[in-house]
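Working notes, structure below.
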Amino acid sequence: MKKVVLLFVLFVYSFSFAQDNYKYVIVPKKFSFFKEENKFGLNELTKAFFEKEGFEVFYDSDVLPSDLYQNRCLALYASPIKDKNLFVTKIYFEIKDCNDNLLLQSETATSKEKLLKTAYNQTFRQALSSLNEKINFKKTDVIEKIEVVETPKEVVVVSKNENISNSEDINTLFAIPIVNGYKLVNDKPETIFILKKTSADNIFIAQKDSKSGVLMKKSSGWFFEYYEGDKLFSEKVEVKF
């Protein structure tokens, strides 16, 4: 009987949780195709759009609320993409989840204006407008599947998704998506690593203070490997993506 009650509670919890809409959106503080933050006021324009859509919006460099800090999968991640073209400004937006899965792409907006400030404002507004009232995804990725394993004396619940946890190791670093990679932060939060994606999902180009190397996933976890002189060092890193 206890097992039945436990399963029922877990089912109700996972179902109700999956019905909640995303609450947060994270946008870059500096777009990849600009050298400065908030160029032409476009970052503020982007942030204001998603706030108008009903989200709490943060820049990727902001201090995050505690629930979002502990679980980055509570947010959507919005970034503009610039198509390369010498004579036409082309912009579209991608909306992704915490696992870098593409959930929605805006229309591609174009402008032939020669004045860049005007061209970018036109394309940003047009691309964002195409997303009006279309961002209504559910957080179904937070709880994927629950498996019950029965032993002679007790029922053990095994979660297939590590986003659910009663406690976090105090040394665990959390991954925040940035352009072309992640930054790994501690619980203060301080940035400890900057990661850049490679063609392999389990290998990142990594920078920690003055040390440059790679972060790679092995069978026993993630390791930061780097050289000092001719000596190779390997440092285990507890990280939650």
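The values are calculated or read from the model by the stated rules, or taken from the named source; none is laboratory data. Please read all numbers here as calculations on a predicted model, not as lab measurements. All Cβ positions, even for glycine, are placed from backbone atoms using ideal geometry, and neighbour counts span all protein chains on display. Side chains included, ligands, DNA and RNA excluded: accessible areas come from the protein's heavy atoms. Shrake-Rupley method; radii C 1.70, N 1.55, O 1.52, S 1.80 Å.
Worth pointing out:
- At least 1 residues being of a type in the set (S, T, N, Q), touching a helix residue (DSSP H, G or I) at 6+ places or on another chain (Cβ under 8 Å) and within 24 Å of residue 180 (Cβ to Cβ) is the threshold, and among the strands (runs of 3 or more DSSP E) wholly inside the range 32-138 those reaching it are 89-96.
- Screening the range 12-34 for residues that are open to solvent by 60 Å² or more (accessible area, probe 1.4 Å), at pLDDT below 90 and not polar (S, T, N, Q) and picking the one that is farthest from residue 56 (Cα to Cα) gives 12.
- Per-region count, the range 199-237, residues exposed (fewer than 14 other Cβ atoms within 10 Å of the Cβ) and under 24 Å from residue 101 (Cβ atoms): 5
- Residues within the range 169-178 that are touching a strand residue (DSSP E or B) at 6+ places or on another chain (Cβ under 7 Å) and either within 17 Å of residue 94 (Cα to Cα) or among the small types (Gly, Ala, Ser) (or both), tallied: 3
- The residues of the range 78-99 that are within 17 Å of residue 28 (Cβ to Cβ) and open to solvent by 60 Å² or more (accessible area, probe 1.4 Å) amount to a single one, 82.
- Residue in the range 69-77 that is in contact with a strand residue (DSSP E or B) (Cβ under 6 Å, 6 or more places away or on another chain) and either surrounded by fewer than 19 Cβ atoms within 10 Å (Cβ to Cβ) or closer than 17 Å to residue 34 by Cα (or both) present: no
- Subset tally (residues that are of a type outside the set (Ser, Thr, Tyr) and under 23 Å from the mean Cα position of the chain (by Cα)) for the range 114-133: 6
- Filtering the range 91-116 to residues that are within 14 Å of residue 130 (Cα to Cα) and of a type in the set (D, E, K, R) leaves 94, 107.
- Selection of first residues in the range 183-206 that are farther than 22 Å from residue 66 by Cβ and of a type in the set (D, E, K, R) and of second residues that are modelled with pLDDT under 90 and outside any strand (DSSP E or B), restricted to Cβ pairs under 9 Å at least 6 apart or on distinct chains, gives the following pairs, ordered by first then second residue: 196/180; 197/100; 197/180.
- The range 213-241 - residue that is of a type in the set (Gly, Ala, Ser) and over 25 Å from residue 187 (Cβ atoms) and, of those, farthest from the chain's Cα centre (by Cα): 229
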